[in-house]
Amino acid sequence: MQTFAKLKFARISAQKCRLVADQIRGLPIEKALDILVFSPKRAATMIKKVLDSAIANAENNFSADIDELTVHRIFIDEGPTFKRMRARAKGRSNRILKRTSHITVVVSDGEVT
């Protein structure tokens, strides 16, 4: 049984978010939550919320045992980029790219359905 949760249009770049996602991929839920709680990165709080949602989906929709769940897959896709301009000297401007990402977490209990 696999259950997933998504966070779309998260205001963080996919590159920064993937650093945290790589740390918890394939781990049991308890260990993954410990890593996310004590991580100093901003992406860790976003990923923790999505992981909590995926756990709740597994528990409520499929009556899964939380102790047997693992982070089966986690992937970070790039979302749309907000383009802004910043004024510079002599009437010029610089482009500012405000990147977004889509976070998807899939938890599984190891059973094939």
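Could we say that residue 81 is of a type outside the set (D, E, K, R), open to solvent by 20 Å² or more (accessible area, probe 1.4 Å) and touching a helix residue (DSSP H, G or I) at 6+ places or on another chain (Cβ under 8 Å) here?
Details: of a type outside the set (D, E, K, R): yes; open to solvent by 20 Å² or more (accessible area, probe 1.4 Å): yes; touching a helix residue (DSSP H, G or I) at 6+ places or on another chain (Cβ under 8 Å): no.
When the stated conditions are applied, residue 81 does not pass them.
In the set 45, 70, 100, which member is of a type outside the set (A, V, I, L, M) and under 11 Å from the mean Cα position of the chain (by Cα)?
Selected residue: 45, the only one of 45, 70, 100 that is of a type outside the set (A, V, I, L, M) and under 11 Å from the mean Cα position of the chain (by Cα).
Got a sec? Which of 31, 8, 98 is touching a Ser or Thr at 6+ places or on another chain (Cβ under 8 Å) and open to solvent by 50 Å² or more (accessible area, probe 1.4 Å)?
98
Can you tell which of 24, 55, 76 is within 17 Å of the chain's Cα centre (by Cα), under 21 Å from residue 2 (Cβ atoms), open to solvent by less than 60 Å² (accessible area, probe 1.4 Å) and in contact (Cβ under 8 Å) with a residue 60 or more places away in the chain?
Residue meeting the stated conditions: 76.
Restricting segment 64-73 to residues that are surrounded by 11 or more Cβ atoms within 10 Å (Cβ to Cβ) and out of contact with any helix residue (DSSP H, G or I) (no Cβ under 7 Å at 6 or more places or on another chain), which is farthest from residue 1 (Cα to Cα)?
In this case the residue turns out to be 73.
Based on this model, can you work out whether residue 13 counts as open to solvent by 40 Å² or more (accessible area, probe 1.4 Å) and small (Gly, Ala, Ser)?
Working: open to solvent by 40 Å² or more (accessible area, probe 1.4 Å): no; small (Gly, Ala, Ser): yes.
No, not satisfied.
Would you check which residues across segment 66-113 are polar (S, T, N, Q) and out of contact with any His (no Cβ under 6 Å at 6 or more places or on another chain) and list them?
70, 81, 93, 94, 100, 101, 104, 113
Run down 44, 54, 58, 32 and say which single residue is farther than 14 Å from residue 109 by Cβ and either touching a strand residue (DSSP E or B) at 6+ places or on another chain (Cβ under 9 Å) or aromatic (Phe, Trp, Tyr) (or both).
Going through 44, 54, 58, 32 in turn, the sole match is 32.
Is segment 8-21 home to any residue that is at positive phi and modelled with pLDDT of 95 or more?
There is at least one residue in segment 8-21 that is at positive phi and modelled with pLDDT of 95 or more.
Can you tell me how many residues in segment 34-52 are surrounded by 14 or more Cβ atoms within 10 Å (Cβ to Cβ) and either of a type in the set (Phe, Trp, Tyr) or in contact (Cβ under 8 Å) with a residue 60 or more places away in the chain (or both)?
Going through segment 34-52 one residue at a time, the tally reaches 0.
The values are calculated or read from the model by the stated rules, or taken from the named source; none is laboratory data. Quick caveat: nothing in here was measured; it's all calculated off a predicted structure. When we count neighbours, we look across all protein chains shown, and the Cβ atoms used for this are built from the backbone with ideal geometry, even at glycine. Side chains included, ligands, DNA and RNA excluded: accessible areas come from the protein's heavy atoms. Shrake-Rupley method; radii C 1.70, N 1.55, O 1.52, S 1.80 Å.
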